[in-house]
Amino acid sequence: MKAKVLFIVPYPINTAPSQRLKFEQYYSIFQQNGFELSQDSFMSQNFWNIAYKKGYYFLKIYHTLLAYIRRLYLLFFIKKYDIIYIHLWCTPFGFPFYEWLIKKLARKVIYDIDDMIYLGNTSENNKIIGFLKSTQKVMFLAKNADHIFTSTPKLVEFLSQYNSSITLIPATIDTDKYKPNHTLDTNEICIGWSGSHSTSKYLHLLDDVLKGITQKYNIRILVMGDPDFHVDGLKNLELMSWSLETELHNLQRINIGLHPLPDEEWVYGKSGGKLVQYMAVGIPIVATAIGPNYDA
């Protein structure tokens with residue numbers, strides 16, 4: 001009999017790097033090895049499309065209420081699964097009551113955390129709801145999970161206060177898919193960055209540098225994952241929305257990959273997934289020399 005695994009995740013499938021690079025890219029391998037997989041995302045695709053954009057407050061409230069209703073409905077099916085795999089959180093706000101219900105109903109719970117979400121960081125466009133988030137959810141799941149997967153030594157150190165059953169799995173990549181492109185266009189150098197709305201703020205650390213080199217040289221700046229990214233006076237800026245279909249092609253266009261980070265506690269929970277992607281496609285990297293970048 002196949003073991004049934006339910007992945008309870010925040011984001012739609014094939015949208016968020018933390019899910020794609022941690023486990024979604026390996027679903028087919030799990031299935032080949034006898035697992036029956038299901039995934040339940042808090043955010044619908046329509047919710048994801050506006051979640052990190054400025055405004056849309058009424059739509060965000062509407063989609064959040066729908067998501068909570070779907071989560072409540074999910075409780076009726078928890079007992080049919082052998083393993084409940086929770087990535088980051090089940091519900092974003094309030095006390096860990098829903099997580100308590102999951103623990104009561106589930107046979108086994110695996111908790112997967114690859115960010116320091118217990119620090120309470122909120123995206124700039126959603127600061128208004130930051131006070132509703134509870135760090136207690138992380139502590140509850142860490143204490144009550146049968147096993148924890150995490151991605152950096154700093155997270156292991158924190159989680160060890162609550163649970164001794166922890167496996168460290170750094171960022172990984174499917175090297176059968178992510179390969180170098182040996183026919184790069186060298187007529188125009190392309191410096192690239194791949195990320196999301198929530199992490200593009202780190203790229204602004206290089207605003208003056210990027211403006212300087214694009215004014216002096218024939219260099220294109222490719223930003224993938226935040227089509228709203230903007231720097232006054234930056235020439236040759238190309239913005240791309242992230243998509244599964246175009247990700248590899250766009251990564252292979254890059255001559256030099258960027259991964260700037262501030263020296264803040266939050267970033268020490270990052271696992272260097274961006275660096276692993278760059279290395280897999282065979283491009284040199286300019287990155288800030290701090291903890292998570294060394295770990296990668």
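The values are calculated or read from the model by the stated rules, or taken from the named source; none is laboratory data. Worth saying up front: this structure is predicted, and the values here are computed from it rather than measured. Virtual Cβ from ideal backbone geometry, glycine too; neighbours counted across all protein chains shown.
Which is acidic (D, E), surrounded by 13 or more Cβ atoms within 10 Å (Cβ to Cβ) and farther than 20 Å from S196 by Cα, of E24, E36?
Every option except E36 fails the conditions.
If you take the residues in region 178-203 that are touching a helix residue (DSSP H, G or I) at 6+ places or on another chain (Cβ under 8 Å) and more than 20 Å from S271 (Cα to Cα), which one is surrounded by the most Cβ atoms within 10 Å (Cβ to Cβ)?
Here the residue is I191.
Which one of L37, L88, L59, L65 is at positive phi and of a type in the set (A, V, I, L, M)?
Result: L88 is the single residue among L37, L88, L59, L65 that is at positive phi and of a type in the set (A, V, I, L, M).
Determine if region 86-101 includes at least one residue that is under 30 Å from P227 (Cβ atoms), assigned by TED's automatic domain parsing to the domain that holds F140, free of Cβ contacts under 8 Å to residues at least 60 places away in the same chain and in a helix (DSSP H, G or I).
Checked against the condition, which is being under 30 Å from P227 (Cβ atoms), assigned by TED's automatic domain parsing to the domain that holds F140, free of Cβ contacts under 8 Å to residues at least 60 places away in the same chain and in a helix (DSSP H, G or I), region 86-101 yields no hits at all.
Every residue in region 191-201 that is more than 14 Å from I285 (Cβ to Cβ) and not β-branched (V, I, T), please.
Within region 191-201, S196, H197, S198, S200, K201 qualify.
K274 versus (1) within 18 Å of the chain's Cα centre (by Cα); (2) assigned to a strand (DSSP E or B): which is the lone unmet condition?
So the condition that K274 fails would be (2).
Step by step: first the residues of region 251-281, then only those that are of a type in the set (S, T, N, Q) and either crowded, with 20+ Cβ neighbours inside 10 Å or free of Cβ contacts under 8 Å to residues at least 40 places away in the same chain (or both), then the one that is nearest to F149 (Cα to Cα). Which residue is that?
Applying the filter and picking the extreme gives S271.
Which of the numbered conditions does L239 fail, given that it passes all the others? Conditions: (1) out of contact with any strand residue (DSSP E or B) (no Cβ under 6 Å at 6 or more places or on another chain); (2) surrounded by 14 or more Cβ atoms within 10 Å (Cβ to Cβ); (3) hydrophobic (A, V, I, L, M, F, W, C).
The failed condition is (1).
Report yes if L206 is surrounded by 15 or more Cβ atoms within 10 Å (Cβ to Cβ), touching a Pro at 6+ places or on another chain (Cβ under 6 Å), more than 19 Å from D115 (Cα to Cα) and of a type outside the set (S, T, N, Q), otherwise no.
Spelling it out, L206 is indeed surrounded by 15 or more Cβ atoms within 10 Å (Cβ to Cβ), touching a Pro at 6+ places or on another chain (Cβ under 6 Å), more than 19 Å from D115 (Cα to Cα) and of a type outside the set (S, T, N, Q).
Read through the list (1) charged (D, E, K, R); (2) part of a helix (DSSP H, G or I); (3) touching a Phe, Trp or Tyr at 6+ places or on another chain (Cβ under 8 Å); (4) under 27 Å from K103 (Cα atoms), then give the number of the only condition that K79 fails.
Looking at each condition in turn, K79 falls short on (3).
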